[in-house]
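See structure below.
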Amino acid sequence: MIQIALFFLFLFMFPLFLLYWLRLFSFSTISQLVSLIPGLLGIAVRRVWYERTLEHCGKNLVVDFLSAIRTPKTCIGDNCYIGRANWIGLADIGNDFLSGNAVTIHSGNEQHGWDTTDQPIRLQEGKHRMVKIGQDVWIGSHTSVLEDISRGTIVGSGSVVTKVFPEYSVIGGVPAKVIRLRNE
């Protein structure tokens, strides 16, 4: 039975890989397309896609419905769960990561330039950088991450992370601040 399921998964995925390798579709386009497949089939398709296309993809990755990773330069560790409707930019995510629904991990906090007023913001050059998420991090739903998150951190739902905090912090708010340390 498992062999039949794997065969059908291969038949479904092969055209997507071919379109990507021939550069007819971008990585982001296929990531968004496979994000639309519901249920266990969708989780399996996304796992196969990311295991074979990300710069590094650890074991046991679960990417839930409506979630997409924007760039193949992203690295993800072992035993990571990405909740529903997440959007992940350029990131290096450690082992044992958990995210709630509707989490956005941006490619840094300077994606858009805005220093000059003689040019529209949309035309000003920004800077993308790898956002590093430590291992054993849990990010609550509806959170926006613009800065690195240290190992063992818990981020409360609805937070906006704009700076780096010590390891094993519990943070929350807009902008996020330390609520307490986990090891106290």
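Rule-based calculations on the coordinates, nothing more; no lab input. No experiment lies behind these values; they were computed from the predicted model shown. Here the Cβ is made from the backbone with ideal geometry for all residues, glycine too, and neighbour counts use every protein chain on show.
Note that segment 114-119 has calculated 3J(HN,Hα) couplings of 8, 5, 9, 9, 8, 9 Hz, one per residue in order, obtained from phi through the Karplus relation 6.51 cos²θ - 1.76 cosθ + 1.60 (θ = phi - 60°); glycine and proline are x. For segment 44-100, the Cα gyration tensor yields ellipsoid semi-axes of 14, 12, 12 Å (square root of five times each eigenvalue, largest first, whole Å). Multiplying the residue separation of Leu41 and Glu125 by 0.36 nm and subtracting their alpha-carbon distance yields 26.3 nm.
Spin-label pair Asp115-Phe25: with each label point 7 Å from Cα along the Cα-Cβ axis, the two points sit 3.9 nm from one another. Each 10 Å bin, from zero up to the one with the longest distance, holds this percent of the alpha carbon pairs of segment 4-99: 17, 55, 27, 2.
Working note: 222 nm ellipticity from helices only, DSSP H runs with n ≥ 4, each -39,500 (n - 2.57), summed and divided by the residues of the chain, gives -7500 deg cm²/dmol to the nearest 500.
Summarising the amide proton neighbourhood of Lys132: residues at separation of 5 or more, or on other chains, whose placed amide H is nearer than 5 Å comprise Asp92, Asp148, Ile149.
Summary value for the chain: 11 percent relative contact order, contacts being C-alpha pairs under 8 angstrom separated by 6+ residues. Amide H contacts of Ile37 (H built 1.01 Å from N, in plane; Pro and chain starts excluded): Leu66 sit under 5 Å, all sequence-distant by 5 or more or on other chains. Take the Cα pairs of the chain, get the Kirkwood Rh, then feed it into Stokes-Einstein at 37 °C and 0.692 mPa s and tell me D in µm²/s. Roughly 190 µm²/s, to the nearest whole number. Short-range pairs are left out: with C-alpha atoms under 8 Å and at least six residues apart, the relative contact order of segment 124-180 is 26 percent. Annotation: extensible slack from Ile179 through Arg52 equals 41.8 nm (criterion: 0.36 nm per residue apart, minus Cα-Cα distance).
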